[in-house]
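Enquirer: Let me give you the structure first, and then I'll get to my questions.
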Amino acid sequence: MPVRVWPRAPLVSKLQIISDRNQKSLKIKNSLIKKIKIHNFEKDNLIIVIGGDGFMLQTLKKNKNSKKNFYGINSGNYGFLMNKFSLKNIIKNLSKVNKISISPLEMIVKNRNNQIKKSLAINEVSVLRQNRQAASISIKHGSRQIIKKLVSDGVLVSTPAGSTAYNLSVHGPILSLNSKKLSISPISPFRPRRWKGKIVNDKSKIIIKNLNPSKRPISAVADNLEVRNAKQIVVKTNNKIKFNLLYDRNRSLQKKIKIEQLRKETS
């Protein structure tokens, strides 16, 4: 995997602007810097992130200890975590924002060499089959057995913020931001064929074990970081970390999730 070179974050008054390197992001960044300077706009503890959802996830994790507020401007495709850019209204939008705080999942993986690797996931942790053989796994919720043996292409553990992403694509439930729940959703389940997954409390420690690591290897992915040949994966919410996301008043993340819930019900 190529090493990502992070663009230098220009300091504008008391805020920072971090952008992806594509042409659209850089164009928005240049326009935004001029607008902020003209209006002499200042806002303490603010980072403006220009890019798509993937770039926002990387930026949040890179700044996990900063305790700053993050305002995303979409220059990617869907941009579920981002705001729509309006040069005309940007100062007004930045002055009146809704703030939500979310905590990431922590993934702890033991591989076949008994090495321990940790990573954070804001959207979901994906456990995936690694070759042509379907995965054979067991899933526990603390000491309680959720499913003794699941044969499938894998399983997802999703946060409310990530429940409209990959989780929705595998027909998992959409969770409200204030639900304090996590979604466990199978990917193409073969046995039991009709297992639909489970919703658990976000204080849960979810333990996923590979029942046949030699014949049926699996990998574990936290957002975009992959650990191969996993024997055991522990997933839990890390409440010590809080990401503060800012949204325009008329387009909050809560509203976006509600729209997706209604869309699913009527589709």
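Enquirer: Considering each of ALA161, ALA165 in turn, give the residue that is in contact with a strand residue (DSSP E or B) (Cβ under 9 Å, 6 or more places away or on another chain) and farther than 30 Å from PRO213 by Cα.
Expert: On the way: ALA165 fails: farther than 30 Å from PRO213 by Cα.
Checking each option against the conditions leaves just ALA161.
Enquirer: Looking at ARG249, is it closer than 22 Å to ASN74 by Cβ and of a type in the set (Lys, Arg)?
Expert: yes
Enquirer: With the condition kept exactly as written, say whether any residue in the range 95-109 is among the basic types (Lys, Arg), in contact with a Leu (Cβ under 7 Å, 6 or more places away or on another chain) and under 25 Å from LYS181 (Cβ atoms).
Expert: Scanning the range 95-109 turns up at least one residue that is among the basic types (Lys, Arg), in contact with a Leu (Cβ under 7 Å, 6 or more places away or on another chain) and under 25 Å from LYS181 (Cβ atoms).
Enquirer: Out of everything in the range 77-113 that is among the charged types (D, E, K, R) and closer than 29 Å to LEU32 by Cα, what residue ends up being nearest to the chain's Cα centre (by Cα)? Break it down into steps so the answer makes sense when it comes.
Expert: Filtering the range 77-113 for residues among the charged types (D, E, K, R) gives 84, 88, 92, 96, 99, 106, 110, 112.
Okay, now just the ones that are also closer than 29 Å to LEU32 by Cα, so 84, 88, 92, 96, 99.
Working: LYS84: 19, LYS88: 30, LYS92: 28, LYS96: 25, LYS99: 17 Å.
It comes out as LYS99.
Enquirer: Next question. Looking at ASN167, ASN250 in this structure, which one is assigned by TED's automatic domain parsing to the domain that holds ASN131, on the phi < 0 side of the Ramachandran plot and of a type outside the set (Ser, Thr, Tyr)? It would help to see each step written out before you state the result.
Expert: Numbers: ASN250 fails: assigned by TED's automatic domain parsing to the domain that holds ASN131.
Only one candidate passes the filter, namely ASN167.
Enquirer: While we're on this one: So, in the range 199-208, exactly how many residues are in contact with a strand residue (DSSP E or B) (Cβ under 6 Å, 6 or more places away or on another chain), assigned to a strand (DSSP E or B) and farther than 15 Å from SER126 by Cα? Outline the logic, then answer.
Expert: Filtering the range 199-208 down to residues in contact with a strand residue (DSSP E or B) (Cβ under 6 Å, 6 or more places away or on another chain) leaves 199-200, 202, 204-208.
Then keep just the ones that are assigned to a strand (DSSP E or B); that gives 199-200, 205-208.
Retained after the next criterion (residues that are farther than 15 Å from SER126 by Cα): 199-200, 205.
Going through the range 199-208 one residue at a time, the tally reaches 3.
Enquirer: While we're here: For the range 65-107, how many residues meet the condition of being part of a loop (DSSP other than H, G, I, E, B), buried (at least 22 other Cβ atoms within 10 Å of the Cβ) and free of Cβ contacts under 8 Å to residues at least 40 places away in the same chain?
Expert: Of the residues in the range 65-107, 1 are part of a loop (DSSP other than H, G, I, E, B), buried (at least 22 other Cβ atoms within 10 Å of the Cβ) and free of Cβ contacts under 8 Å to residues at least 40 places away in the same chain.
Enquirer: Residue under question is SER179, and the condition is that it be over 24 Å from GLN58 (Cβ atoms) and modelled with pLDDT under 95; does it hold? Walk me through it before giving the result.
Expert: On the way: over 24 Å from GLN58 (Cβ atoms): yes; modelled with pLDDT under 95: yes.
Taking the combined requirement at face value, the residue satisfies it.
The values are calculated or read from the model by the stated rules, or taken from the named source; none is laboratory data. The structure presented is a predicted model; accordingly, all values stated were derived computationally and were not measured. Neighbour counts run over all protein chains shown; Cβ positions are idealised from the backbone, glycine included.
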